[in-house]
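Chemist: Handing you a structure now.
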Amino acid sequence: MEELKNKAIEVLKGNWKDEVGFSIPCANLYPFQWFWDSGLIAIGFSHFDMPKAEAEIETLLDAQWGNGFIPHIIFHTESDTYFPGPDFHRSDLHPLSSKKYKSTGMTQPPVTGFVLEELYRISTDKKATLKFLETVIDKVYFNHEYFYKNRDPQNEGLVYIYHNWESGTDNSPIWDDIWETMNPPEYTFERRDTTHVDAAERPSKREYDHYLYIIDIAKEHNYSDEKIAELSPFLVQDPLFNAMLIKSNESLIKLYELIGNNADKIAQLKKWQEKSIQSFNNKLFDDEIGAYIHYDLRNEKPLRYLSSSSFSPLFANIPSKERAASMVNVMMDKFGGEHQYLCASFDPTSERFNPKKYWRGPVWINLNWMLYNGLKQYGFLDIANRVKQDSIEIIEKNGFYEYFDSRKDMHNHGKAGYGGNNFSWSAALIVDLLNE
Ligand code: GLC
């Protein structure tokens, strides 16, 4: 295991950009800084190089907008290996966007709060780490305030995403239902992702038309949150995204208590937390499916599909013990067969399942890491260990890929790791799992 850990550390060192102080998710395919990648990468670094972990977070937060928003991609460098780049996204259209960095005008799952707590947990010099946390924590709080003020039009404690790229699970079959409600124009553009990765593992041209069209609508209104809430054809309450926010709320409360002197913020976080958890349990749990699902706020209807996101609330302490137990049964029944690695990103019993294609079935290490920690927290130690062992095994067999075939027999002949290779969060989270 020492050898695997050293290899993971090499991957992280290779993707680190010293001039600016951040990590790319992987070369060629993703040449900039991504929001939730950075957070998860910092967890990996904190085990062997705390200054880099801190710099990763500082650089990310340096790109925060004047309204608390944190963008999903920060374009630190010029690169023509990626489409759509800064000239398409035009973050400058928003009056409060960063003057220092070009970015997208959309965000990603808010992992930063719980990442700060992880840094503190892993730190061997708690005093120094707490000092660092004091310099950044208010920015994370401000980001949560942005979400509750601007992304919750019905005041439910649940925030929406307006683009599939905000979800982090970019090409999930769940979005197919939304695409069916839209008819975007045909765009002319040159894809870059399919020059780096097999097209069979990536979204189609027509899917990209939808992605670009939603951005165009937002740009027409200078990325105004109000207008987006009113007009975007994509407006979804996503259980993974909201679970990340709730988990991060919990961490901010704990960290502010450690720091002291922040009673107002703690009180506000507790208010958000109570309301969010209640609505999450009432609105996003589907009794018949036996797990959490997405809700389409634009068309006011539940999106009744099982995915690895359905189980992510375990990580954020959202379900009761009884509910957690029944969710785990559903997970083992549908995703945990002996021929499957845990945990496929989409329901393996569904017609829409595709174990090779980007978020339509493959196993992802970040979701596994959350699941592992969530299962452990609720006392499902055997299943948690299986998630951990499966994660280690697929990486040992294939390398640090972006995603992996969930079918075990595919790993016996040839490549079963897909997307980018030497992928940062796969490496970072394996370092964390191996350091336990
Ligand atoms: C893909 C993933 C997204 C991730 C990005 C960079 O777009 O879907 O979650 O942040 O790659 O790794």
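Chemist: May I ask you to list pairs of residues, at least six apart or on different chains, whose Cβ atoms are under 7 Å apart, with the first in the stretch 22-37 being over 12 Å from residue 422 (Cα atoms) and the second being part of a loop (DSSP other than H, G, I, E, B) and near the ligand (Cβ under 7 Å from one of its atoms)?
Modeler: Note: pairs meeting the criteria are 34/25; 34/108; 35/108; 36/108; 36/168; 37/25.
Chemist: Hey, among 391, 312, which residue is within 24 Å of residue 234 (Cα to Cα), of a type in the set (Gly, Ala, Ser), assigned to a helix (DSSP H, G or I) and under 20 Å from the mean Cα position of the chain (by Cα)?
Modeler: Unique residue meeting the criteria: 312.
Chemist: If I filter the stretch 158-172 for residues that are surrounded by fewer than 21 Cβ atoms within 10 Å (Cβ to Cβ), of a type outside the set (Gly, Ala, Ser), at pLDDT 95 or above and out of contact with any Ser or Thr (no Cβ under 9 Å at 6 or more places or on another chain), do I get at least one hit?
Modeler: Within the stretch 158-172 (the criterion being surrounded by fewer than 21 Cβ atoms within 10 Å (Cβ to Cβ), of a type outside the set (Gly, Ala, Ser), at pLDDT 95 or above and out of contact with any Ser or Thr (no Cβ under 9 Å at 6 or more places or on another chain)), the answer is yes, since at least one residue qualifies.
Chemist: Of everything in the stretch 28-61 that's away from the ligand (no atom under 16 Å from the Cβ) and among the small types (Gly, Ala, Ser), which residue is surrounded by the fewest Cβ atoms within 10 Å (Cβ to Cβ)?
Modeler: Selected residue: 55.
Chemist: If you check residue 141 against the conditions, is it hydroxyl-bearing (Ser, Thr, Tyr), within 30 Å of residue 50 (Cβ to Cβ) and surrounded by 16 or more Cβ atoms within 10 Å (Cβ to Cβ)? Step through it out loud before you land on a result.
Modeler: Values: hydroxyl-bearing (Ser, Thr, Tyr): yes; within 30 Å of residue 50 (Cβ to Cβ): yes; surrounded by 16 or more Cβ atoms within 10 Å (Cβ to Cβ): yes.
It is true that residue 141 is hydroxyl-bearing (Ser, Thr, Tyr), within 30 Å of residue 50 (Cβ to Cβ) and surrounded by 16 or more Cβ atoms within 10 Å (Cβ to Cβ).
Chemist: Does residue 203 meet the test of being within 16 Å of the ligand (Cβ to nearest atom), under 26 Å from residue 306 (Cα atoms), in contact with a Leu (Cβ under 6 Å, 6 or more places away or on another chain) and not in a helix (DSSP H, G or I)?
Modeler: No.
Chemist: Within the stretch 182-194, count every residue that is in contact (Cβ under 8 Å) with a residue 40 or more places away in the chain and either in a helix (DSSP H, G or I) or farther than 12 Å from residue 81 by Cβ (or both).
Modeler: 3
Chemist: The conditions are (1) within 16 Å of the ligand (Cβ to nearest atom); (2) part of a loop (DSSP other than H, G, I, E, B), and residue 11 fails exactly one of them. Which is it?
Modeler: Exception for residue 11: condition (2).
Chemist: Looking only at residues that are in a loop (DSSP other than H, G, I, E, B) and of a type in the set (Ser, Thr, Tyr) in the stretch 151-171, which one is nearest to the ligand (Cβ to nearest atom)? Show your work before the answer.
Modeler: Pass one, the stretch 151-171, residues in a loop (DSSP other than H, G, I, E, B): 151-160, 162-163, 168-171.
From what's left, of a type in the set (Ser, Thr, Tyr): 160, 162, 169.
Details: 160: 18, 162: 16, 169: 6 Å.
Ranking the candidates gives 169 first.
Chemist: Check 317, 242, 282 and return the single one that is of a type in the set (S, T, N, Q), outside any loop (DSSP other than H, G, I, E, B), out of contact with any His (no Cβ under 8 Å at 6 or more places or on another chain) and under 30 Å from residue 382 (Cβ atoms). Give the derivation first.
Modeler: Numbers: 317 fails: outside any loop (DSSP other than H, G, I, E, B); 282 fails: under 30 Å from residue 382 (Cβ atoms).
So the residue among 317, 242, 282 that is of a type in the set (S, T, N, Q), outside any loop (DSSP other than H, G, I, E, B), out of contact with any His (no Cβ under 8 Å at 6 or more places or on another chain) and under 30 Å from residue 382 (Cβ atoms) is 242.
The values are calculated or read from the model by the stated rules, or taken from the named source; none is laboratory data. None of the values given here were measured: they were computed from a predicted structure. When we count neighbours, we look across all protein chains shown, and the Cβ atoms used for this are built from the backbone with ideal geometry, even at glycine.
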